[in-house]
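Read through the structure below, which is laid out as structure tokens, and then see the notes.
The values are calculated or read from the model by the stated rules, or taken from the named source; none is laboratory data. Here the structure is a predicted model, which means the values were calculated and not measured. Heads up, the Cβs are rebuilt from the backbone with ideal geometry, glycines too, and the neighbour counts pull from every protein chain shown.
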């Protein structure tokens, strides 16, 4: 049985900005970074009370692919007694940084399924940091902060607070057809006459775990906001998006040397832009955004949006701090479970596969090395290629398997998943599990695609279809039950 | 027309100094003490070509009769057009409607005076005409003061966000896979699936300034009723009392604050995800409506935290609004009568309700009167009988709606507890940059639910608690969009 024991805490942070251009990940059109708008970073915190230990890493990236997570685990496993099974590495889902994945970074699914000679030719600068070299860059930097955080851990204290910050907005408005039927459209225009409602709700909780030194000075804060950091997402520069601004505001309020570790909570159907507010002055821009053919300048001030969002987060962190500083604990219970979760893969039918092949073949015939596809042409093949890939995958394996870390630190529990998990599922876990403060971490330790709801499947659009999802609603329910049980077990 | 704006503010306490009936629950409550003061606040705007007086009261709702009395009192006063006054409520459940307790009258009408719940009422209770006169006297005097005190000033707007409202209609799954909604259902139950709808966390503010740039007041539109304290036996403005305190602490101790309750029929200020697991029994008792329930959260702390979140939004908005102060304003004010289809019931439903009530009442007598829970058990049937009678007179539900252009913003009123979906449509589609909704204004319209709510069931979606259904909600949205757009031309 675990007891309350003195907790040791270590923090480290590092810039992930290189002095060379990178391929920006997160859109279907190719983007090479043109400049650094603000620094992208990685932050690590180590917790250890003798009974259990863990290191949590957050990166200003779109996601942490399975391959780089596995390489990172190998890199740090066994370091001064640390076991990498207790390492979580998550992403804030900024669309303005590299994926840092190895291999031929210039090659995409479009090249594989359409043929390199017909696909859009990318104009890549000679000095780009990509492929294996970028992976090495990332591994060196992130393993360094993991080791540093682990090495410098020392007795400290923690406290948790729950507050609220309006950051996320549902991004799947529902529209009515003339016959009365309904459809959802990710980033649809709410100012259209047939807009009727949103498909789901939003989670505006802000969960914080503050760390203190033994003199009672705040040293860092983990902030769980269920919203991706993607206001700047359509552009050609490097940025941590609203988290850069949130860090600035938090440090102004709590101290300039305070570490800030952002956690992206479940937010598969969320984004940080209020479509009710912006649609009427961005009708054309939203159409172009959806077309994914290239950069779109929307009619709102990106910096002001990020700054306002960051300010709302910082206000919540400050309000939470006022409560948390009265309940500081030096000795806490720590427990952890490392789950290997297997969920059945969402399948496509043979008819769907054959139809997708037909569509792709017809499209391919229209292009040649002399007449290559545009970005829009490639994007139009995203769904058929997704169906073909799923057919191939489901013929090889039945399940999608991933690692989920569930960590109890005092009264707080952290639980990770690799998905862009729709809010409905996290509401179930938070409401039903026995822990008082639950920090859910999406896009962690791998990339599992969107995990949509039944309503999303019925509504359609990107983030609900096979090309952008690996598992479906039944598996979402199964995930909830697994994580609720795992959390409850740790609270016993 | 864009002319120099003249602005007047006034505020008054409306807490009765004797015990009174608290309105908002189905069980009867007589106020035992004053937790914090109930207030009313008025903002008078006049640009020479049009005028508006916007009033907010710490009350559960504004009855049409109360407004009639107020207008009668004020009509023609010093150039004030009483038809240009709109009065809204924050929907606190720890205050009075300053009219007779409608629900008590309705239960007595169906059960008979000799079987209905007998109440212990203090001798010095203030009620009836005396209570109405008290309110009309206080509020009319305040409006005169605001109107007479209007002076040249400046105005500016801000849009921000505050997490105040939470959807209060969780959806649960039956063993057969079908789903149902339950207002204030416990989300910690194994069969909790999701929420029926979204929440609107927008915070819209109008700031007013003296000619030398000093903040004089702020109108704050939060789409959430003020009902954290709602189950108890004291007078309170609920979280708005705390919000006012925090706003004044941050901006100026003398600043006027006019809270406007936006469209929030499916919202409440308590996060059911957070509180359900430690309030499963309390939520059942809450739904039973048989008497006071003490939930496992600190009422004062909840109100204070909510008020602070509002104040933070007001301060963030202030830091932007102070850079855009304008001495003039395009002010246009239309008052329209809207007619929506009354939600009707079948004759068999009426007959069934009549039969059930008759059967149920047989167990009671003057010596064995109904308890609160007995009356609550009849609530839905009572509504069916009332609706049948109403629909035989008219198939329309009519009410006044104020549509006010304030520069590039619009201010609209509805008498309903309007579900958020409808407000989203109006806000997203109309041509105004910002839309201020004042729900529960100028008369009582009941809930206005969505198709999902009608399908999901539970209180706030059934005929008894609604006058108008989703078809009327669709029509209302279109009317409001069209009327706003006309004024924005």
Item to complete: Just name the residue that is nearest to the other protein chains (Cβ to nearest Cβ) out of those in the stretch B:158-192 that are under 30 Å from residue B:315 (Cα atoms) and either assigned to a loop (DSSP other than H, G, I, E, B) or free of Cβ contacts under 8 Å to residues at least 12 places away in the same chain (or both).
Response: B:163
Discussion item. Tell me whether the stretch A:316-335 contains one or more residues that are away from chain B (no Cβ under 14 Å), in contact with a helix residue (DSSP H, G or I) (Cβ under 6 Å, 6 or more places away or on another chain) and in a strand (DSSP E or B).
Written reply: yes
Discussion item. Taking the criterion of being within 27 Å of the chain's Cα centre (by Cα), outside any helix (DSSP H, G or I) and at pLDDT 95 or above, would at least one residue in the stretch B:131-148 satisfy it?
Written reply: no
Practice prompt. Evaluate the stretch A:287-294: report whether one residue or more is farther than 27 Å from residue A:7 by Cβ and without any contact (Cβ under 8 Å) to a residue 24 or more places away in the chain.
Written response: yes
Worksheet, complete the sentence: For the stretch A:465-481, the count of residues that are touching a strand residue (DSSP E or B) at 6+ places or on another chain (Cβ under 7 Å) and closer than 23 Å to residue A:93 by Cβ equals 7
Worksheet item: Can you tell me which residue in the stretch B:203-227 is surrounded by the most Cβ atoms within 10 Å (Cβ to Cβ), limited to those that are over 30 Å from residue B:151 (Cα atoms) and more than 14 Å from every other protein chain (Cβ to nearest Cβ)?
Response: B:226
Worksheet entry | Residue ID - surrounded by the most Cβ atoms within 10 Å (Cβ to Cβ), chosen from residues in the stretch A:168-189 that are over 19 Å from residue A:267 (Cβ atoms), touching a residue at least 12 places away in the same chain (Cβ under 8 Å) and within 13 Å of chain B (Cβ to nearest Cβ) | A:189
Worksheet, complete the sentence: Selection over the stretch A:135-167 where residues are in a loop (DSSP other than H, G, I, E, B) and within 16 Å of residue A:329 (Cβ to Cβ) yields a count of 1
Discussion item. Please go through the stretch B:307-338 and give me each residue that is closer than 11 Å to residue B:203 by Cα and away from chain A (no Cβ under 12 Å), ordered by number.
Written reply: none
Discussion item. I'm trying to understand the selection: among the residues of the stretch A:75-123, which are closer than 30 Å to residue A:147 by Cβ, in contact (Cβ under 8 Å) with a residue 40 or more places away in the chain and not in a loop (DSSP other than H, G, I, E, B)?
Written reply: A:75, A:76, A:79, A:80, A:85, A:86, A:87, A:88, A:89, A:90, A:91
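Quick one: would you say residue B:277 is within 14 Å of chain A (Cβ to nearest Cβ) and surrounded by fewer than 16 Cβ atoms within 10 Å (Cβ to Cβ)?
Details: within 14 Å of chain A (Cβ to nearest Cβ): yes; surrounded by fewer than 16 Cβ atoms within 10 Å (Cβ to Cβ): no.
Criteria not met by residue B:277.
Looking at A:438, A:484, A:429, which is the one that is free of Cβ contacts under 8 Å to residues at least 60 places away in the same chain and surrounded by 24 or more Cβ atoms within 10 Å (Cβ to Cβ)? Even if it seems obvious, please write down each step before you answer.
Working: A:438 fails: free of Cβ contacts under 8 Å to residues at least 60 places away in the same chain; A:484 fails: surrounded by 24 or more Cβ atoms within 10 Å (Cβ to Cβ).
Unique residue meeting the criteria: A:429.
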Discussion item. Just checking, does the stretch A:287-303 include any residue being within 12 Å of chain B (Cβ to nearest Cβ) and either at pLDDT below 95 or buried (at least 18 other Cβ atoms within 10 Å of the Cβ) (or both)?
Written reply: no
Worksheet item: Which one is nearest to the other protein chains (Cβ to nearest Cβ) among residues in the stretch A:194-226 that are in contact with a helix residue (DSSP H, G or I) (Cβ under 7 Å, 6 or more places away or on another chain) and assigned to a loop (DSSP other than H, G, I, E, B)?
Response: A:201
Discussion item. Just to check your reading of the model, which residue among B:238, B:200 is crowded, with 24+ Cβ neighbours inside 10 Å and within 13 Å of another protein chain (Cβ to nearest Cβ)?
Written reply: B:200
Practice prompt. For the stretch A:20-47, enumerate the residues that are assigned to a strand (DSSP E or B) and surrounded by fewer than 22 Cβ atoms within 10 Å (Cβ to Cβ).
Written response: A:32, A:35, A:36
Item to complete: Being touching a strand residue (DSSP E or B) at 6+ places or on another chain (Cβ under 6 Å), under 17 Å from residue A:148 (Cβ atoms) and surrounded by fewer than 24 Cβ atoms within 10 Å (Cβ to Cβ) is the filter here, so list the residues in the stretch A:51-71 that pass it.
Response: A:54
Worksheet item: When you scan the stretch B:388-405, how many residues do you find that are within 22 Å of the chain's Cα centre (by Cα) and surrounded by 19 or more Cβ atoms within 10 Å (Cβ to Cβ)?
Response: 7
Worksheet entry | Which numbered condition residue A:346 misses (of (1) under 21 Å from residue A:27 (Cα atoms); (2) surrounded by 17 or more Cβ atoms within 10 Å (Cβ to Cβ)) | (1)
Item to complete: For residue B:363, state whether it is farther than 30 Å from residue B:153 by Cβ and crowded, with 18+ Cβ neighbours inside 10 Å.
Response: no
Worksheet entry | The listed residue being in contact (Cβ under 8 Å) with a residue 24 or more places away in the chain, touching a strand residue (DSSP E or B) at 6+ places or on another chain (Cβ under 8 Å) and more than 11 Å from every other protein chain (Cβ to nearest Cβ), out of B:284, B:270 | B:270
Worksheet, complete the sentence: When every residue in the stretch B:193-217 that is touching a helix residue (DSSP H, G or I) at 6+ places or on another chain (Cβ under 6 Å) and not in a loop (DSSP other than H, G, I, E, B) is compared, the one farthest from residue A:454 (Cα to Cα) is B:207
Worksheet, complete the sentence: Reported set for the stretch B:117-132 where residues are surrounded by 14 or more Cβ atoms within 10 Å (Cβ to Cβ) and closer than 26 Å to residue B:441 by Cβ is B:126, B:127, B:131, B:132
Fill in: The lone exception for residue B:114 - which of (1) surrounded by fewer than 20 Cβ atoms within 10 Å (Cβ to Cβ); (2) more than 21 Å from the chain's Cα centre (by Cα); (3) within 30 Å of residue B:52 (Cα to Cα) it fails
(3)
